[in-house]
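Taking it in order: structure first as structure tokens, then the write-up.
Quick note: the coordinates plus some simple rules give every number you see, no bench work behind them. As the structure is a prediction and not an experimental result, all values here were calculated from the model. All Cβ positions, glycine included, derive from the backbone under ideal geometry; neighbour counts span all protein chains shown.
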Amino acid sequence: MSYLTAAVLILSVFKLIHGTHSLPQLQITKDREIFFNKTSYVRIPPLNLHNHINLSFRTCVGGTLFVQNSVKNKISLNVTTEGLLLIIHLTSKTYESKISGQFLDNSWHNVNIVTRSGNITFSVADQQQVVANASYNAELMNAEVTLADETSKLILGEGFVGCMFEGANLISNTSISEKHNVEWGPCPLPIGSCSPCKKAGDPCQNNGRCEEDKTTGNYDCVCEAGFTGIPPNCTKITTCASSPCVNNGICSSSPVDSSFNCTCPDGFTGANCELEIDDCNSNTCKNGGYCLNKNGFRCFCIPGYTGSHCEIDVNECWSNPCFNGAQCIDLVNRYSCVCPVGFTGRDCKIDINECASNPCMNGATCIDGNATFTCICPPGLTGNICDFNIDDCKSSPCLNNGLCLDQLNNYTCNCDGTGFTGA
Ligand SMILES: [Ca+2]
Ligand SMILES: [Ca+2]
Ligand SMILES: [Ca+2]
């Protein structure tokens, strides 16, 4: 970049920052103006709250000028019928800063968000709001680390209809790959009144509704049912020739005067079938189902219910989900198994290991059963848990009045005083 180019750029940015209203007349490259048509957006590199943020816009309709989302945080700038709204959501708290005014007038407005001299300010033309400083929303003064992180997505022009002129840290150009339906170049919106209907003085005939075509700035007439024509004419339809029956009503002509009659499908009424009968009331769909009034009605049930009115509680036990003879209890969108003794787990599939607490004594082997255990005792021991030493003296194995001493799977004979000896 040459020094001359740099100087021109600095001068341009200076003029932008200081918000003159002659912006479009600056000598600028054409691709710094972008037209957004409601479905348009451009994704550009994320910004930090403490960077200087600047852009200009021109709109009749408004929308979101930019929105930056990250996992925990969000910053957005919106232009509405009430004014300009800056919303910063940081972790769990939302900070809103509003500049009231009429900005939907198709004139250029220049917005700045600046951190300077210990204040974050938000301004347009001569109106300024303090967003944060050391004693007000002080958390935002240190928020730079978390506002723009690696998860941040910065979108320009979400749901916005109008033109934008890029400024500091909101740089956009035609080489950006993530874009949709945007047009770079001079703003195509005609400068002037935003209300072509008012300007034309309610032009639509026969109660036709005047609607602005928000992309072209022209108006259109939406004729009442039974009327048709090219704006501003909404002339009465008198024959079947111009398909007066809406919502799939069937048109039949009178043989006498060629006037018509509409036979309406279920859910519709009116001379032209233009009125939809509301088939939904608070009781149409049971159990919290949502009722859609369309061609009659249709219920959208919450999980666990079915039937045309969501009146049926689905039996989640139908497939016998519980194992090992457990009892199944049907609940809303789930089931519960009541396990027999010795089994556990959601579906009672798990055989509880009754040997886990080492209930068998004296080195016996434990064999797990259903709600029980079996101990295989070493020789000489007996009892449920092998805690009983078998009396090996019971059969009086010592001869000649020898004294028998019981041992483990064995005995000894004490021959003292008997006059005998031996084992
Ligand atoms: Ca159920
Ligand atoms: Ca067991
Ligand atoms: Ca013994």
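At 7 Å along Cα-to-Cβ for each site, give me the label-to-label distance between T81 and A241 in nm.
With each label placed 7 Å out from Cα toward Cβ, I get 4.2 nm.
Relative contact order of the stretch 197-276, please, whole-number percent, based on alpha carbon pairs below 8 angstrom and at least 6 residues apart.
Relative contact order of the stretch 197-276: 19 percent.
Gap in Å between the Cα centre of the stretch 213-246 and the Cα centre of the stretch 316-360?
Here the two parts' Cα centres lie 67 Å apart.
Among T382, T306, T284, determine the one that fluctuates most according to a GNM of the chain built with springs between C-alpha atoms less than 10 Å apart.
Fluctuation is largest for T382.
Please give the charge dipole size of the stretch 223-293, origin at the Cα centre, charges +1 on K and R Cβ atoms and -1 on D and E Cβ atoms. Round to the nearest 20 debye.
60
Evaluate the chain: find the radius of gyration of its Cα atoms, find its Kirkwood radius, and give the ratio Rg to Rh.
Computed over Cα atoms, the ratio is 1.37.
If you split all Cα-Cα distances of the stretch 325-423 into 10 Å bins from zero, what percentages do you get per bin, shortest first?
The calculated distribution, bin by bin, is 15, 24, 18, 15, 11, 8, 5, 2, 1.
What FRET efficiency do you get for C393 and R346 if R0 is 51 Å and r is their Cβ-Cβ distance, rounded to the nearest 0.05?
Efficiency, rounded to the nearest 0.05: 0.40.
Between E96 and K214, what is the FRET efficiency for a Förster distance of 25 Å, r being their Cβ-Cβ separation, to the nearest 0.05?
FRET efficiency, E96 to K214: 0.40.
Quick check: the angle from helix 3-17's long axis to the longest principal axis of the chain, C-alpha only, nearest 10 degrees?
Roughly 90 degrees, rounded to the nearest 10.
Nearest 500 deg cm²/dmol is fine: what mean residue ellipticity at 222 nm does the chain get from its DSSP H runs of n ≥ 4 alone, each adding -39,500 (n - 2.57), divided by its residue count?
-1500 deg cm²/dmol
I need to check one value: relative contact order of the stretch 79-175, counting alpha carbon pairs closer than 8 Å and at least 6 residues apart, in percent.
15
As a quick test, which of the pairs K74/K98; K38/K236; K38/K294; K214/K294; K153/K179; K214/K236 have an alpha carbon distance above 23 angstrom in this structure?
K38/K236; K38/K294; K214/K294; K214/K236
How big is the stretch 42-113 in terms of Cα radius of gyration and Dmax, in angstroms?
In order Rg, Dmax, the Cα atoms of the stretch 42-113 give 12.5, 36 Å.
Averaging sequence separations of C-alpha pairs under 8 Å and six or more residues apart, then dividing by the length of the chain, give the relative contact order as a whole percent.
Relative contact order comes out at 10 percent.
Take the alpha-carbon positions of the stretch 208-266, form their convex hull, and give its projected area averaged over all directions (one quarter of the hull surface) in nm².
5.0
Fewest Cβ neighbours within 10 Å first, please rank W108, W184 accordingly.
Ordered from fewest to most neighbouring Cβ atoms within 10 Å, W108, W184 come out as W184, W108.
Name the residue, out of G226, G296, G157, whose mean-square fluctuation peaks in a Gaussian network model built on the chain with Cα pairs under 10 Å.
G296
Among I34, I191, I390, whose mean-square fluctuation peaks in a Gaussian network model of the chain (Cα, cutoff 10 Å)?
I390
Any chance you could check the Cα centroid distance between the stretch 367-419 and the stretch 76-132 for me, in angstrom?
Answer, in whole Å: 94.
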